[in-house]
Amino acid sequence: MNHSATSLVRFLFVMLMMAAIFNGASFWLKRVGWYEPQLHQYYMNNFSVGLGHQWTDEERKQLGDFTHNVYQSVGNERLLKLGKVLWIGAFLIISLLLLWRSPDLPVRKPPWPLTVMIAVTAIGSVVSLIQFGPAMLLGGIRFFSFLIIATLGYWAVQQKSLHFLAQCLLLFLLLQVLLVPTEIHHGVHLFGTYFGARAAGTMLQPSSLGLMAVIGFVFYLQFSSHRMLAVPAFIATAILVVYSQSAAALLLLLILLSAKVYLLLAVRYRVGLLLWGGTAFILLVTMLPSIVQRPDVYDSLWGRLYTFEGYVSGLPDVYTLLFGQGLGAGTNAALNIMMNWQGGFQEVKISSRLFTADSTPLALLAQLGITGLLAFYLLLAYAAWRDETAAPLYLAIAIASLTTIVTELFPVNVILGLVLARSLFLMPVSEADKSSSAASPAC
């Protein structure tokens, strides 16, 4: 990669981090009272409570209405949230121009798992367009934007570029840590009782902050050459996981650390680790509500299974189960596009498509059925098999996907696309990249 291309990639990665910050900046500013202070004052006058306060149903309803007002994007706030869309659009245009004009970047044929995923998504796009029109399809495209990056982004994922992105992610996590004290002590508590009421930073939701911290940490370990900064990166991650009070992020971090220890231990000690580690894991799950200060944490974890079961039991036929309802079904983006914020839902042919899935498997099942669900996780497994360095990151994303829609979680969806581009197109095709990756730290 020449100097100009390297500079372009670095500029794009810096803009990626800026877009991630701007995406939730206005909401963080509202929560701490630095923007629209009247909302902050209203909360302090009506909802400010002490440690251990038990919310009544009426208080929860009022808090829900207040939260909706805080998270409603109006005016210039929408421009900040458009940053992520503009980044993906700019990356697409730049990639196409480079592949068209640069003889050093020949167009490469996608490996078969990526081809299958693209084909299934294309069929789902046609189904969505025919049944619901372009609005629902537009919402679904955001969900699958990682496929665009994975297919065209191999020019931007050399080892030096990913090392730079790892440094950017570390700075992003450190910034989130700096935001925590203000949010904890001066912010409005929208997500629970005191103990910070679950910090969210600029990631909109506490669970998103916790999962982003763990995934960013794993990416840093795998692709950064600065080993000495691994400890500060872990400390930052631990702080964000603790103050987000995300059970999913905590379990994910412990699973990945346990896997790291397992691989480092001699074979004769691994059975003992499995026995003691399994016992400790059971105790951890039992004590989880106390650890994360959330008595309702089991409702959050098991609720996803109930939602999944409820969706499957309500499907009209086997065809829908196998092939889904088309792009956009069950996604946040489609819900936002199709909703009329002044008067409920706009008229659509089948309003039951407008629901928000709470996990990636359910969102995939709603859009592409079992076919798309299997194609997605097959793609992750194939990429992990092909690229040992990136395998821990795929494991982290796969586990996180069970509790959130990772392909709509910005910038995790971009990171997924970039790493897929590396694994599918540069590994093991480029031996130079393979050897340089071997020198990077492994999780």
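None of the figures in this text is laboratory data; all of them are computed from the coordinates on show. Here the structure is a predicted model, which is why all the values come from computation and not from measurement. Note: ideal-geometry Cβ built from the backbone for every residue, glycine included; neighbour counts use all protein chains shown.
Volume per residue of the convex hull around the Cα atoms, evaluated for the stretch 356-429, comes out as 76 Å³.
The calculated FRET efficiency for Ala122 paired with Phe308, based on their beta-carbon distance and R0 = 30 Å, is about 0.70. Taking 0.36 nm per residue of separation and subtracting the current Cα-Cα distance, fully stretching the chain between Phe11 and Trp100 would add 30.0 nm.
The length gained on full extension between Leu257 and Leu274, counted as 0.36 nm times the residue separation minus their Cα-Cα distance, comes to 4.8 nm. Going by neighbour counts of Cβ atoms within 10 Å, the residues Lys109, Lys84, Lys260, Lys61 line up, fewest first, as Lys109, Lys61, Lys260, Lys84.
Judged by the mean number of other Cβ atoms found within 10 Å, the most tightly packed of the peptides 15-27, 144-156 leads the ranking 144-156, 15-27.
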